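The values are calculated or read from the model by the stated rules, or taken from the named source; none is laboratory data. These figures come from a predicted structure and were not determined experimentally. Cβ atoms come from the backbone with ideal geometry, glycine included; neighbour counts cover every protein chain shown. With ligands, DNA and RNA removed, areas are computed over all heavy atoms of the protein, side chains included. Shrake-Rupley method; radii C 1.70, N 1.55, O 1.52, S 1.80 Å.
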Amino acid sequence: MKRFVWILFCMLPAAAGWSQSSIDRVLQSIEQNNRELKANTQLTAAQKLGTRIGNSLPDPTVEYEIVKGRTAEMGKEGELTVSQAFDFPTVYADRNRVAKLKAASLDKQQGLFRRDLLLQAKLLCLDLVALNQQQALLAGRKANIDRLLADYRRRLETGDVTILEVNKVELEWLNIQTEARLNEADRQAKLRELTALNGDIPVAFPDTAYAPAPVIPSYESLREEVLASSLELQVLESEQAVARKSVRLSRSEWLPKLELGYKHTNGSGEQFNGAVMGISIPLYENRYKVRQAKAQAIYTELKTESTAVQLDASLRGLYDQALALKASLDEYDKRLDSRRNIVLLDKALQGGELSTIDYFTELAGVTQSLQNYIRLENQYRKLLAEIYKFRL
């Protein structure tokens, strides 16, 4: 046990770079294989094509009319009309600008979807690191208790220990077995979630170490970096740009629509050719469009401001929690000397200075401290992942 604990916590810095590359490889694999991400990519492509709909010329109109006179002497008369309707030219330019802004907004939304998916996967990886550490810790405890139980059963035959002491060791063995089974069940559940995100392609993740944690800067510096890179704000800002251009578009749609064409008339031995020109004045069709576009623009501006405030408040909460956890971890690093404590406990038990009950009571305290350290570091790393998610 003592050798295992020392190896477990001394190996973490050395394995840190490997752990980070392992997480990166998992995230790259998920980005390539995740079916939901692929589906969302296709949906974005379809929606971007949809932004172009409505900015093309309407189909041309061809009409042919033939009429007969009431008598044979009156003969027949035919009329062919070919016409093309179109909006005022500036309307197409405004629609094209709005379509480009909508496409850019859809790209931002796709990026936000991708980031959230990769963050979910990264949090699973961080949980697996903690579960793997716990598994290694439990494996060391189990190896220790196996040796102790075998020794106590042998000593029971010689009368050196009582059946009560053996029962105590057996109960501790059962507790460790139960903890190990539950931990392994949690670990397998996380691996299944990771496999599902990876398109049902199995993922192996044996890491027991985290990458070196970034140094937390001052809050103002962090806030500036996070808000400048926030995809949530970028999506809203792109929607705000769309809303502003839509106001201009709705105004330009009040310009008259035009129609040009050709007309040919043939009847009673005479033929006539000429041009067809028409104009449509939008008195009713665009009613309320400008007011609706203005209201949408105001909404997006207020929504952007509100979201910026909420992101600031959320970031501040994450920042304060991270500092508190970092302080606790630093205290553990200074005071937690599990190797030395377990060595002393083993010597005290072997020398008869501690009873079996006292030994396990003291050992439980040391083990609890190690488990607390694993839990706190996992929470700290997940907070950092949330704070720096814009880097995914």
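Just wondering, is there one or more residues in the range 126-144 that are under 30 Å from K48 (Cα atoms), in a helix (DSSP H, G or I) and modelled with pLDDT of 90 or more? Taking every residue of the range 126-144 in turn, none turns out to be under 30 Å from K48 (Cα atoms), in a helix (DSSP H, G or I) and modelled with pLDDT of 90 or more.
Quick check on the range 123-139. Is at least one of its residues under 30 Å from A241 (Cβ atoms), aliphatic (A, V, I, L, M) and under 46 Å from the mean Cα position of the chain (by Cα)? No, the conditions are met nowhere in the range 123-139.
Tallying residues that are open to solvent by 40 Å² or more (accessible area, probe 1.4 Å) and more than 14 Å from K389 (Cβ to Cβ) within the range 229-241 yields 2.
Inside the range 293-315, residues that are farther than 14 Å from E224 by Cα, free of Cβ contacts under 8 Å to residues at least 24 places away in the same chain and among the hydrophobic types (A, V, I, L, M, F, W, C) make up a count of 3. For the range 343-381, filtered to residues that are of a type in the set (K, R) and surrounded by fewer than 19 Cβ atoms within 10 Å (Cβ to Cβ), the residue that is modelled with the highest pLDDT is R375. Here A213 meets each of (1) modelled with pLDDT of 95 or more; (2) closer than 30 Å to D320 by Cβ with one exception, condition (1). The criterion of being touching a residue at least 24 places away in the same chain (Cβ under 8 Å) and open to solvent by 60 Å² or more (accessible area, probe 1.4 Å) holds for R97. Among the numbered conditions (1) in contact with a strand residue (DSSP E or B) (Cβ under 9 Å, 6 or more places away or on another chain); (2) outside any loop (DSSP other than H, G, I, E, B), tell me where L57 comes up short. Going through (1) in contact with a strand residue (DSSP E or B) (Cβ under 9 Å, 6 or more places away or on another chain); (2) outside any loop (DSSP other than H, G, I, E, B) one by one, L57 breaks only (2).
Results for (1) at positive phi; (2) open to solvent by 50 Å² or more (accessible area, probe 1.4 Å); (3) within 35 Å of the chain's Cα centre (by Cα); (4) modelled with pLDDT of 80 or more, shown as yes or no for each residue.
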site	(1), (2), (3), (4)
A14	no, yes, yes, no
Q20	no, yes, yes, no
D24	no, yes, yes, yes
N33	no, no, yes, yes
A45	no, no, yes, yes
G50	no, no, yes, yes
I53	no, yes, yes, yes
G69	no, no, no, no
A85	no, no, no, yes
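Just give me the residues in the range 297-315 being within 14 Å of I387 (Cα to Cα) and touching a helix residue (DSSP H, G or I) at 6+ places or on another chain (Cβ under 7 Å), in sequence order. Within the range 297-315, L311, D312, L315 qualify. Inspect all residues belonging to the range 252-264 and state whether any of them is of a type in the set (S, T, Y) and either open to solvent by less than 30 Å² (accessible area, probe 1.4 Å) or under 30 Å from K382 (Cα atoms) (or both). Yes, the conditions are met somewhere in the range 252-264.
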